[in-house]
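Since the structure comes first, as structure tokens, the remarks are kept for the end.
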Amino acid sequence: MNTPEPLFTGKNRIYFPNMESTNNYAMELIAKINPTEGTCVITDYQTAGRGQIGRSWYSDSAKNIMISYIFYPKLIKAKNQFILSIVSSLAVCATVEALGVSAKIKWPNDIYIGDLKVAGILVQNTLRDVYIKSTILGIGLNVLQDSFPAEIPNPTSVLLSTNTSYTLNEVETLLSAQLEFYYLKLRRGEVELLKKEYISKMYRYQTEHQYIEMENLEQIIEGKIIGISTDGKLTIETSFGMVKDYGFREIKFVI
Ligand code: BTN
């Protein structure tokens, strides 16, 4: 594979065979030493891998990528922090596609191949006043795992969906290069272009599906995703023509 070399992303690389969570370690590093932009923390096994909304993230040892990147995005306001989900989702999606399979972004930042999840992202920001001071982009990308515990909902891996065993090193280099590509777009202020690309890669964009409204007695609605709001909420137009924005805890996909 012809992988472009990133210039600074993943160059300062902190590796341990095991750790609690690469995001936790990155958070401690930021508090202690302000590591250089693009520093990554990577491991083969997490004893307390973290997912979104307090969930856990499980991966077999040395089968998948578990990595957290540290960046200092300048002049991004806290209220616009969804742009970091956009940057990281686009990078992971492009990485998977470069490995030979079509991928989509399931709002807010899961990466799907068909109806199966191949990667998840945990973004953690620290703030200074109304601005983002640092961000941790924690990425779990399933590469070589070929079976998953039954309790993990609809998982897949690059191996299962492409039938090819890429090495973790080559996937990591590709991921770092893609992340740098999209992060530099953000640094150049190309926010609208990033949003447009994100929307064009959304899982179930503009097609009718069922969703569960969590705030409304878990009622099932039918509708189509038509985009995202300025603060990163999911915009759905129901089959009755009503348009509504949903936050992360307010809506579930029926898959
Ligand atoms: C999700 O889909 O719920 C997000 C999963 C994020 C998992 C990655 S693995 C590397 C980094 N360290 C963590 O503890 N979590 C993220």
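The values are calculated or read from the model by the stated rules, or taken from the named source; none is laboratory data. Worth saying up front: this structure is predicted, and the values here are computed from it rather than measured. Neighbour counts are summed over all protein chains in view; Cβ atoms, including those assigned to glycine, are modelled from backbone coordinates with ideal geometry.
In region 55-87, which residues are crowded, with 16+ Cβ neighbours inside 10 Å, farther than 24 Å from residue 164 by Cα and within 16 Å of the chain's Cα centre (by Cα)?
Result: 68, 69, 70, 71, 81, 82, 83, 84, 85, 86, 87.
Within region 186-195, track down each residue that is surrounded by 14 or more Cβ atoms within 10 Å (Cβ to Cβ) and either among the small types (Gly, Ala, Ser) or within 13 Å of residue 89 (Cβ to Cβ) (or both).
Selection gives 186, 194, 195.
Which of (1) aliphatic (A, V, I, L, M); (2) near the ligand (Cβ under 9 Å from one of its atoms); (3) closer than 23 Å to residue 204 by Cβ; (4) in a strand (DSSP E or B) is the odd one out, the single condition residue 66 does not satisfy?
(3)
Take residue 22 and decide whether it is over 16 Å from the mean Cα position of the chain (by Cα), of a type in the set (Val, Ile, Thr), closer than 20 Å to residue 169 by Cα and within 10 Å of the ligand (Cβ to nearest atom).
Answer is no for this residue.
Might you check whether a residue that is under 19 Å from residue 107 (Cβ atoms) and of a type in the set (Gly, Ala, Ser) occurs anywhere in region 243-251?
Checking region 243-251: at least one residue is under 19 Å from residue 107 (Cβ atoms) and of a type in the set (Gly, Ala, Ser).
Listed here are the residues, each with its yes/no results for (1) within 15 Å of the ligand (Cβ to nearest atom); (2) modelled with pLDDT under 95; (3) among the aliphatic types (A, V, I, L, M).
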{"residue": "54", "(1), (2), (3)": "yes, yes, no"}
{"residue": "97", "(1), (2), (3)": "no, no, no"}
{"residue": "133", "(1), (2), (3)": "no, no, no"}
{"residue": "143", "(1), (2), (3)": "yes, no, yes"}
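(1) farther than 20 Å from residue 113 by Cβ; (2) at pLDDT below 95: which one isn't true of residue 169, the others all being true?
Looking at each condition in turn, residue 169 falls short on (2).
Of all residues being within 17 Å of residue 120 (Cα to Cα) and part of a helix (DSSP H, G or I) in region 27-54, which is nearest to the chain's Cα centre (by Cα)? Just the residue, please.
52
So which of 157, 161 ends up being within 26 Å of residue 46 (Cα to Cα) and surrounded by 21 or more Cβ atoms within 10 Å (Cβ to Cβ)?
When all the criteria are applied, what remains is 157.
Tell me which of these residue 176 doesn't satisfy, since it passes every other one: (1) crowded, with 20+ Cβ neighbours inside 10 Å; (2) on the phi > 0 side of the Ramachandran plot.
Going through the list (1) crowded, with 20+ Cβ neighbours inside 10 Å; (2) on the phi > 0 side of the Ramachandran plot, residue 176 breaks only (2).
Any residue at all in region 231-242 that is surrounded by 13 or more Cβ atoms within 10 Å (Cβ to Cβ), modelled with pLDDT of 95 or more and in contact with a Pro (Cβ under 7 Å, 6 or more places away or on another chain)?
Among the residues of region 231-242, at least one is surrounded by 13 or more Cβ atoms within 10 Å (Cβ to Cβ), modelled with pLDDT of 95 or more and in contact with a Pro (Cβ under 7 Å, 6 or more places away or on another chain), which makes the answer yes.
Kindly establish whether residue 125 is of a type outside the set (A, V, I, L, M, F, W, C), within 16 Å of the ligand (Cβ to nearest atom), free of Cβ contacts under 8 Å to residues at least 60 places away in the same chain and closer than 30 Å to residue 32 by Cβ.
yes
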